[in-house]
1. Run the simple label-point estimate for Glu164 and His140 please: 7 Å along Cα→C-beta, distance reported in nm.
2. Computed FRET efficiency, Cβ-Cβ of Glu173 and His116, R0 41 Å: what is it to the nearest 0.05?
3. Nearest 0.05, what FRET efficiency do Asp27 and Glu101 give at R0 = 22 Å with Cβ-Cβ as r?
4. Indicate the gyration tensor shape class of the stretch 15-75 (rounded, prolate or oblate), computed on the Cα atoms with a ≥ b ≥ c the square roots of the eigenvalues: a/c under 1.5 is rounded; otherwise a/b larger than b/c is prolate and the rest oblate.
5. Within 14 Å, Cβ to Cβ, of Asp228, how many net charges do the neighbouring residues add up to if Lys/Arg are +1 and Asp/Glu are -1?
6. Could you tell me how far the Cα centroid of the stretch 192-244 sits from the Cα centroid of the stretch 108-179, in Å?
7. Loop sites only, by DSSP: take the GluC sites (Glu not before Pro) in the chain that have at most 11 other C-beta atoms within 10 Å and name the longest stretch containing none of them.
8. List the longest stretch of the chain that has no exposed loop site; here a site is one of the trypsin sites (Lys or Arg not before Pro) assigned by DSSP to anything other than H, G, I, E or B, with at most 16 other Cβ within 10 Å.
Amino acid sequence: MNNRLRLGVNIDHVATIRNARGGRHPDPVKAARLAAAAGADGITAHLREDRRHISDDDIQRLAAEIELPLNLEMAATGEMLEVALRHQPHAVCIVPEKRQEVTTEGGLDVVGAQAHLEAYVGRLSQAGCRVSLFIDPERHQLIAAKSVGAPVVELHTGAFCDAEGAARERELERLREGAATCLELGLECHAGHGLSFDSVLDVAAIPNVVELNIGHFLVGEAIFGGLDSSIRRMRALMDQARTELSA
Ligand code: PXP
């Protein structure tokens, strides 16, 4: 399959369960190794300002111990820049962060922070990190992402995953248009947030999306059938969407 879609497995919520009791179990690094064996192409971890799930020690161990490329999600702060420069992960995905939010609620406002992001993306790129910006599928934000020098964007799929009926179709169309704009601008297009076995097929069928980052559903589903099985099923659905695309 020459249009194979990459799967980045986000292991944040393995750490959420560990942190519920403190201690070391379950270990996100063990989950990362298991994800690799189950067909993940990369490991994604979000180091939040409040350290509610992934810890600094997790990032240190992931960077040192796993063989798959590490995608570090983080806010564009001075503290996080230091972390990224210290560990030099394969990739950095810049996300907006609000302390009170349950999860990343919307995309970055690249238009409103162009000067800051241009310098920030530049520092990370110079250090050899592939930088992506997590944004809603809006044309003006994509144009701004290109102009600040980001080679990659990750389209926020949360609104699509949460919507029903006609609204869902509209959200899917926005994602398709966003992906088409990436192609036009020469931006590599990723997608993620809220994806499940039900929602992944439609997103995986958008031809120029090259990577999906998926976490919460995979870890939740692992409770019922194990992490290996949840990742393998997601991988199979992604491959199915791509096979249908090229048929
Ligand atoms: N992509 C980005 C940029 C995210 O912030 C998150 C959540 O941390 C995800 C993907 C994964 O979302 P979910 O855990 O809902 O699959």
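None of the figures in this text is laboratory data; all of them are computed from the coordinates on show. Note that the coordinates shown come from a computational prediction; the quantities given were computed from them, not determined experimentally. Cβ placement follows ideal geometry from the backbone for every residue including glycine, while neighbour counts extend to all protein chains displayed.
1. With each label placed 7 Å out from Cα toward Cβ, I get 3.2 nm.
2. E between Glu173 and His116, to the nearest 0.05, is 0.85.
3. Values: r = 26 Å, r/R0 = 1.19.
Given R0 = 22 Å and the Cβ-Cβ separation, E is 0.25.
4. oblate
5. Once positives and negatives cancel, what remains is +4.
6. 20
7. Working: sites that count: Glu67, Glu101, Glu164.
Within the chain, the longest run free of exposed GluC sites (Glu not before Pro) spans 165-247.
8. On the way: sites that count: Arg4, Arg24, Arg51, Arg52, Lys98, Arg99.
Looking at the chain, 100-247 is the longest stretch - no exposed trypsin sites (Lys or Arg not before Pro) with at most 16 other Cβ atoms within 10 Å.
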